[in-house]
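J.: My structure is below; once you've seen it, I'll send some questions.
Values in this text are rule-based calculations from the coordinates and carry no lab data. Just so we're clear, the structure is a prediction, and the values are computed from it rather than from any experiment.
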Amino acid sequence: MLSGSDSTLGAWYAGYVDLRALLALAVGSWLGIRLASLWIGRIPDHIHAGMYLVLLTVVLVVMVVMH
């Protein structure tokens with residue numbers, strides 16, 4: 001809970017939403033979709049599955065390290 005003097009989070013927040021993070025996620029998602037659409041159907045399933053496991057592992061490591 002925020003105390004009385006800490007009731008605002010800053011200029012880049014709308015309520016509890018970090019607008020910089022929102023912008024980064026929106027732009028990154030859009031770019032990822034545009035780039036991935038060029039490769040749809042060209043990447044073999046076993047490579048796609050392996051890269052998905054790598055992605056999940058990276059996310060797990062980041063979550064453990066950042067916590």
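J.: How far is helix 45-66 tilted off the main Cα axis of the chain, in degrees rounded to 10, range 0 to 90?
T.: Result, in degrees: 20.
J.: Shifting gears a bit: To the nearest 10 degrees, how steep is helix 19-39 against the longest Cα principal axis of the chain, on a 0 to 90 scale?
T.: Taking Cα atoms only, the helix is inclined about 10 degrees.
J.: Turning to a different aspect of this structure: Could you tell me which label, among (1) 36, 18, 6; (2) 27, 10, 9; (3) 17, 13, 11, carries the value of semi-axes √(5λ) of the Cα gyration tensor in Å calculated for this structure?
T.: Checking each listed value against the structure points to (1).
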